[in-house]
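The values are calculated or read from the model by the stated rules, or taken from the named source; none is laboratory data. Everything numeric here is computed off the predicted structure, so don't read it as measured data. Ideal geometry is used to build each Cβ from the backbone, glycine not excepted, and the neighbour counts take in all protein chains shown.
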Amino acid sequence: MQDLPNTDPHSVIDRLAPMTSPGNPWRSTALELTAAARLEAGDKSGALKDYKTLADDLRAPQGRAPEPPKWPQLSPPKPIW
C-alpha cells in the first residue's frame, strides 16, 4: 500500500476487498484504505459507508493521535558579561 497515491483506486479497492471481511485481523486498516481509495475515485457515498462501518466496529482500534511532547520551559540565556 506504499504506492497508494500512484495506483488506480479501483485496483486498490479490489486488492483490499478480501481483507475487509469481518474477522480479518487487517479489517480496520483495509476499510480505512478502501475508503481513501473510494474518495480518490470520486465515490463519496461508498467512502462514507466504509468509514461508518469502521466507526461502528467495536473491535476496531479505539485510539487517538499521541500528544505532542511536552517541551521544558526554557529560561532566557544569562548574559556572559
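All but one of (1) over 24 Å from Arg59 (Cβ atoms); (2) modelled with pLDDT of 90 or more hold for Gln2, so report the exception by its number.
(2) is the only condition that Gln2 fails.
Quick one: what pairs do we get from region 40-61, first residue within 22 Å of Asn6 (Cα to Cα), second assigned to a helix (DSSP H, G or I) and basic (Lys, Arg), C-beta under 7 Å, 6+ apart or different chains?
Gly46/Arg38; Ala47/Arg38; Asp50/Arg38
Just checking: which of the helices (runs of 4 or more DSSP H) contained wholly in region 8-81 hold 2 or more residues that are at pLDDT 80 or above and of a type in the set (Asp, Glu)? Working first, answer last.
Numbers: elements: 9-16, 27-41, 44-56.
Those helices (runs of 4 or more DSSP H) span 27-41, 44-56.
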